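To start, the structure itself, in structure tokens.
Nothing in this text is a laboratory measurement; each read-out follows from the coordinates by a stated rule. All values derive from a computational prediction rather than experimental measurement. All Cβ positions, glycine included, derive from the backbone under ideal geometry; neighbour counts span all protein chains shown.
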Amino acid sequence: MDDLRTSEAWRVFRIQAELIDGIETLNDLGPAVSIFGGARFGEGTPSYAAARATAGLLTRMNLAIITGGGPGIMEAASRGCFEAGGTSVGLNIVLPREQHPNHYQNRSITFRYFFIRKLMFVRFAMAYVIFPGGFGTMDEFFESLTLVQTKKIRRFPIVLFDTGYWQGLIDWIRAEMLPHKSIAPEDLELFHLVDSPEAVGAIIGEYMEECRRFEGDQRKSPV
């Protein structure tokens, strides 16, 4: 029992160390977008090309790009940012398979714990762009919706890329969740569905302009 208690106590210290390391590494990052997608969409797939192009476009809008740091869509987004001369952040995770850091990161952190990694994604991002992927990608999508819906975080752009991939899921949400009142009609407005890097840029650009106007109003306020 004493050994177990000691092990659990040290786990708390490891968690604390990862949290501090993540915050200190990213604290001066500036405006950034987190891009998600599956590790199995390799170079040569349309999704890889789209993620690379999207990241490049967002980088030219003076945004840093945060990814999971691994292969597939993560590599594509890191690569697009890196090639455009931006700050490419990789939040890597220790996994038994599939995850290995890509070569297009100029800031890299490796986590043992998913929940700390997830915190970094949302803490330092002003938008999420979600490309085709598997369970992990779905997890990030629904977690972001939950956080916004419950007002645990500010409302920011959540963008699904590739109508053909996501439409079946959205149709199911409309056909099942909405009639059962599991969600409210306005919850369907918490995300966008797009098919081009330019559409992503337009949505995030509009949000950035709203933020600038809000900050300007706050500075003018006498309160």
message: Using only DSSP helix segments of four residues or longer, with each worth -39500 (n - 2.57), what per-residue ellipticity at 222 nm results for the chain after dividing by its residue count and rounding to 500?
response: -16500 deg cm²/dmol
The range 145-221-the range 58-88 distance, computed between alpha-carbon centres (Å): 21 Å
query: Picking from 77, 32, 17, which is most flexible by a Gaussian network model of the chain using Cα springs under 10 Å?
result: 17
query: What's the local net charge at residue 177, with K and R +1, D and E -1, over the other residues with C-beta under 15 Å away?
result: -3
- request: Add +1 for every Lys or Arg and -1 for every Asp or Glu among the other residues with Cβ under 13 Å from the Cβ of residue 110, and state the total.
  value: +2
- request: Count charges around residue 18 for me, please; just the other residues with Cβ under 14 Å from its Cβ, Lys/Arg as +1, Asp/Glu as -1.
  value: +4
- request: For the range 102-118, take each phi angle, set θ = phi - 60°, evaluate the Karplus expression 6.51 cos²θ - 1.76 cosθ + 1.60, and give the result in whole Hz per residue in order, putting x for glycine and proline.
  value: 7, 9, 10, 10, 10, 9, 9, 10, 10, 10, 8, 10, 4, 5, 6, 4, 4
field: Neighbour-count order for 154, 14, 117, 123, fewest beta carbons within 10 angstrom listed first
entry: 154, 14, 123, 117
task: Of all alpha-carbon pairs in the range 121-223, indicate the percentage at a distance above 18 angstrom.
output: 55 percent
- prompt: So between residue 163 and residue 10, what do we pick up on full extension, going 0.36 nm a residue minus the alpha carbon distance?
  reply: 50.5 nm
- request: Rounded to whole Å and ordered largest first, report the semi-axes of the equivalent ellipsoid of the chain derived from its Cα gyration tensor (root of 5λ).
  value: 27, 22, 22
task: Pairs of Cα atoms under 8 Å, at least six residues apart: use those to get the relative contact order of the range 2-220, whole percent.
output: 19 percent
